[in-house]
1. If I compute percent of Cα pairs over 24 Å apart from the structure I just sent, which labelled value in (i) 66; (ii) 47; (iii) 17 lines up?
2. Which residue, chosen from THR47, TYR77, LEU20, occupies the Cα position most advanced towards the positive end of the dipole of the chain, where the dipole is computed from +1 (Lys, Arg) and -1 (Asp, Glu) charges on Cβ about the Cα centre?
3. Suppose each label sits 7 Å from its Cα in the direction of the beta carbon; what would the ASP42-ASN108 distance come out to in nanometres?
4. Can you compute 3J(HN,Hα) from phi for each residue in segment 54-63, using the Karplus curve 6.51 cos²θ - 1.76 cosθ + 1.60 with θ = phi - 60°, rounded to whole Hz and x for Gly and Pro?
5. Convert each backbone phi in segment 5-12 into a coupling constant with the Karplus relation 6.51 cos²θ - 1.76 cosθ + 1.60 (shift: θ = phi - 60°), then list the ³J(HN,Hα) values in order as whole Hz, x for Gly and Pro.
6. Calculate for the chain the 222 nm mean residue ellipticity that helices alone would give, adding -39,500 (n - 2.57) per DSSP H run of length 4 or more and normalising by residue count, nearest 500 deg cm²/dmol.
7. Mind listing the phi-derived Karplus ³J(HN,Hα) values for segment 17-33, rounded to whole Hz, using 6.51, -1.76 and 1.60 with θ = phi - 60°, and x for any glycine or proline?
8. Given labels modelled 7 Å from the Cα in the Cβ direction, how far is it in nm from LEU32 to VAL56?
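Each reported figure results from applying straightforward, stated rules to the coordinates on display, with no laboratory input. Remember, it's a predicted structure, so these values are computed and weren't measured experimentally. Don't worry about glycine lacking a Cβ; one is built from the backbone with ideal geometry, like all the others, and counts go over all protein chains shown.
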Amino acid sequence: MGKGIPGLDSAYHVFLLAALIFLAVMLLLCLLRAIIGPKTADRIVATNMMGTMVMVMIAILAVMLQEGYLVDICLIYAMISFLAVIVLTKIYMGAYLRRKQEKEEKQNGSV
């Protein structure tokens, strides 16, 4: 990382470690929002945020450990996370539309 400048490697290491700790705390808070979340939409957004934060954490680890294969893992994780959010949204929208249709049928049937 900081070749040739004394102390820069340790500064990079401390900064990246602090970023990882901050992201870990934020990940736990997003997990809490995904569990407690008052609405399903809040849970889906929290799940998406968690996927994004995990990708950033993997990218930071790739830089810290100087391992190129972690970037590949990060890209695969991004695709899987994207698909998971799309599937969750599709399921949520289907259930929402079904409930809305049932409610309209009840209102039309009672009139």
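1. Computed from the coordinates, percent of Cα pairs over 24 Å apart corresponds to (ii).
2. THR47
3. Taking the simple label geometry, ASP42 and ASN108 are separated by 3.3 nm.
4. 5, 4, 5, 5, 5, 5, 5, 4, 4, 6
5. In residue order, the calculated couplings are 10, x, x, 6, 4, 5, 5, 4 Hz.
6. On the way: 3 runs with 97 residues, N = 111.
Using -39500 (n - 2.57) per qualifying helix, the result is -32000 deg cm²/dmol.
7. Each residue's phi maps through the Karplus curve to give 5, 5, 5, 5, 5, 4, 5, 5, 5, 5, 5, 5, 5, 5, 4, 4, 5 Hz.
8. Once both label points are built, they end up 1.8 nm from each other.
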